[in-house]
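The next block holds one structure in the form of structure tokens; read it before the comments.
The values are calculated or read from the model by the stated rules, or taken from the named source; none is laboratory data. For clarity, every value in this text was computed on a predicted model and none was experimentally measured. Note that each Cβ is placed from the backbone with ideal geometry, even for glycine, and that neighbours are counted across all protein chains shown.
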Amino acid sequence: MSARPLMFFGTTNLDLCFNVERLPTPGESLMGTLARNPGGKGANQAVAAARLGLRPTFYTRLGDDDAGRLLLQSLRDAGVCADAIEICAGEVSGSALVMVGDDGSNMIVIDPGANLNVTPDMIESAARFIDREAIVVAEMGMPIPALNRLFEMKSDRGFKLIFNPAPVRPGLSAAAWRSVDFVTPNQAEAFELTGVEVEDFESAAGVAAKLLDLGPRAALITLGAQGAYYADATSSFALRAFPVKVVDTTAAGDAFNGAFAASLAQGLPLREAVRKALAVAALCVTRRGAQSAMPTVQAVDEFLKSQTILELE
């Protein structure tokens, strides 16, 4: 069976990544090594899906600069369809300063560049690339008015909508929230949205209920090394994460979201889609970088064959 069309909306950045022994404290200087990696939440998610054998379409804005050309080529090399991407004369591409400690923890500061200038009219234009049967994935790095317009189009166009609310910001309309099929925050984002801490699967159940009150049909909360918790109006389940040696957690959430969307597009049952997303995230954190850390479908299949997972009902 062929996969459903898949389209991502989001940000693209050039990551200036410093690998350091540990993260600095305020006022402290540390020695580290610098790498320049293609990144950005939306771009990372699209690449994660492409590495799993799909050809997702991606909408983003890039500056007409050296960074933009590098970022565009990286997306194309990964197998992402770039037809919807805007190249913007006179604007600079987004960038991010990333520090990664030896324990895998990170600190990130983002200069959005061209990402900041997405308008509702631009979303209207990009919507011609959305198939009625598509799964659409959006993250919160784009301007809120643009997201509101994208979400408003769901009722007319009929696509399924996955919303990764990162970074959390105010302003998304009540109607936009009601258009979401799956909202996929991590623990910190779930707290920002609900005001309740997510510490374990038990507390995740209560937070998921609060997320559903915002309007989405389903909530899927990632809990880092613990796993993921899913809930909708009639069912819920939790899946434990795969134990791995963590090297860099920078793009773990993007790996999860891209793989979850790809798995649904490929027709996997919901629980299996979450399980595969956890496997992709686990492999991602064993490697440095963002897009460069996204595993291939062959690597994921081999990993899943070698693992077992404990499920909590």
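Things worth noting here:
- Among (1) under 21 Å from Asp248 (Cβ atoms); (2) surrounded by fewer than 16 Cβ atoms within 10 Å (Cβ to Cβ); (3) touching a helix residue (DSSP H, G or I) at 6+ places or on another chain (Cβ under 6 Å); (4) not acidic (Asp, Glu), the one test that Met107 misses: (3)
- Pairs where the first residue, in segment 123-141, is in contact (Cβ under 8 Å) with a residue 24 or more places away in the chain and farther than 18 Å from Pro5 by Cβ and the second is surrounded by fewer than 21 Cβ atoms within 10 Å (Cβ to Cβ) and among the hydrophobic types (A, V, I, L, M, F, W, C), C-beta under 6 Å, 6+ apart: Glu139/Ala166; Met140/Ala166
- For segment 70-78, the condition of being more than 19 Å from Pro295 (Cα to Cα), out of contact with any His (no Cβ under 6 Å at 6 or more places or on another chain) and in contact (Cβ under 8 Å) with a residue 60 or more places away in the chain holds for none of the residues.
- With respect to the conditions (1) over 18 Å from Ala299 (Cβ atoms); (2) modelled with pLDDT of 95 or more; (3) not β-branched (Val, Ile, Thr), Gly258 falls short on a single one, namely (1).
- Residue in segment 181-202 that is among the polar types (S, T, N, Q), surrounded by 21 or more Cβ atoms within 10 Å (Cβ to Cβ) and in contact with a Lys or Arg (Cβ under 9 Å, 6 or more places away or on another chain) present: no
- Filtering segment 214-267 to residues that are of a type outside the set (Gly, Ala, Ser), within 28 Å of Arg132 (Cβ to Cβ) and part of a strand (DSSP E or B) leaves Leu220, Tyr230, Asp232.
- Within segment 13-49, restricting attention to residues that are β-branched (Val, Ile, Thr) and out of contact with any strand residue (DSSP E or B) (no Cβ under 6 Å at 6 or more places or on another chain), the residue that is farthest from Cys284 (Cα to Cα) is Thr25.
- Checking Leu147, Leu97 one by one, the residue that is farther than 20 Å from Ala265 by Cα, at pLDDT below 95 and in contact with a strand residue (DSSP E or B) (Cβ under 9 Å, 6 or more places away or on another chain) is Leu97 and no other.
Every residue, every condition in (1) under 22 Å from Ile108 (Cβ atoms); (2) buried (at least 16 other Cβ atoms within 10 Å of the Cβ); (3) in contact (Cβ under 8 Å) with a residue 40 or more places away in the chain, yes or no:
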residue	(1), (2), (3)
Asp213	no, no, no
Arg217	no, no, no
Ala225	yes, no, no
Tyr230	no, yes, yes
Leu239	no, yes, yes
Thr250	yes, yes, yes
Gly253	yes, yes, yes
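- The set of residues in segment 129-179 that are within 23 Å of Asp254 (Cβ to Cβ), of a type in the set (Gly, Ala, Ser) and touching a Phe, Trp or Tyr at 6+ places or on another chain (Cβ under 9 Å) comprises Ala134, Ala138, Ala146, Ala176, Ser179.
- The residues of segment 22-56 that are of a type in the set (D, E, K, R) and touching a Gly at 6+ places or on another chain (Cβ under 7 Å), listed by number, are Arg22, Lys41, Arg55.
- Given (1) crowded, with 22+ Cβ neighbours inside 10 Å; (2) of a type outside the set (Asp, Glu); (3) without any contact (Cβ under 8 Å) to a residue 40 or more places away in the chain; (4) not in a helix (DSSP H, G or I), number of the condition Phe163 does not satisfy: (3)
- Residues of segment 6-60 that turn out to be closer than 30 Å to Glu86 by Cα, β-branched (Val, Ile, Thr) and surrounded by fewer than 24 Cβ atoms within 10 Å (Cβ to Cβ), as a count: 1
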